[in-house]
Amino acid sequence: MKPSLKKITAVLPVASVEASLPFWEAVGLARTVEVPHGDALGFAILAGHGVELMLQSFASIADDVPAIAEEAGGGRTFLFIEVDDIDAIERALAGQPLVFPRRTTFYGATEVGYREPGGHVVTFARFGGEAP
């Protein structure tokens, strides 16, 4: 029998968990777990709308799993998130660094891309036209 996958949750390595929280909270995720690491947050889980995301500081990763600390500090994740309302995303993230402005793709998505404070690229996409 093949294994059965139940869920995949991205863990984003970041320099500062606190710096990334406002970005994710602006798009509707709420903190469900916070784990301190020294005098800062080392780890947080955010969830909402059937989505879950984890943030872990480089320092916490280095203490937790030293073997991957170097990889975590240099790697960046690219997230593709499907949404119902691209206008709401743009309003919520006004002022955040754009990777690319709103565009319509060959595969029928209206997309906009941001760089979240941890350096990861996040593409928000709506399928089925411009209107929500």
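Worth a mention:
- Under the Karplus curve 6.51 cos²θ - 1.76 cosθ + 1.60, θ = phi - 60°, whole-Hz ³J(HN,Hα) for region 25-42, x wherever Gly or Pro sits: 5, 5, 9, x, 8, 10, 5, 10, 9, 10, 10, x, 9, x, 9, 10, 7, x
- Placing +1 on each Lys and Arg Cβ and -1 on each Asp and Glu Cβ, with no other charges, gives the chain a dipole about its Cα centre of roughly 400 debye.
- Across region 86-99, coupling constants 3J(HN,Hα) worked out from phi with the 6.51/-1.76/1.60 Karplus curve, θ = phi - 60°, read 5, 4, 5, 5, 5, 5, 5, 10, 3, x, 6, x, 7, 8 Hz, and Gly and Pro carry x.
- Each eigenvalue of the Cα gyration tensor of the chain, multiplied by 5 and square-rooted, gives one semi-axis; in descending order these are 28, 18, 14 Å.
- Alpha carbon centroid spacing (whole Å) that separates region 92-132 from region 15-74: 22 Å
- Per-residue packing, averaged as other Cβ atoms within 10 Å, sorts the ranges 8-19, 29-40 into the order 8-19, 29-40, beginning with the highest.
- Chain lengthening between Leu5 and Ala26 when straightened (0.36 nm per residue, less Cα-Cα): 4.6 nm
Values quoted throughout were computed directly from the atomic coordinates according to the rules given, and no laboratory measurement underlies them. Treat the numbers as computed from the prediction; the structure is a model and nothing was measured. Glycine also receives a Cβ, built like all others from the backbone with ideal geometry; neighbour counts cover every protein chain displayed.
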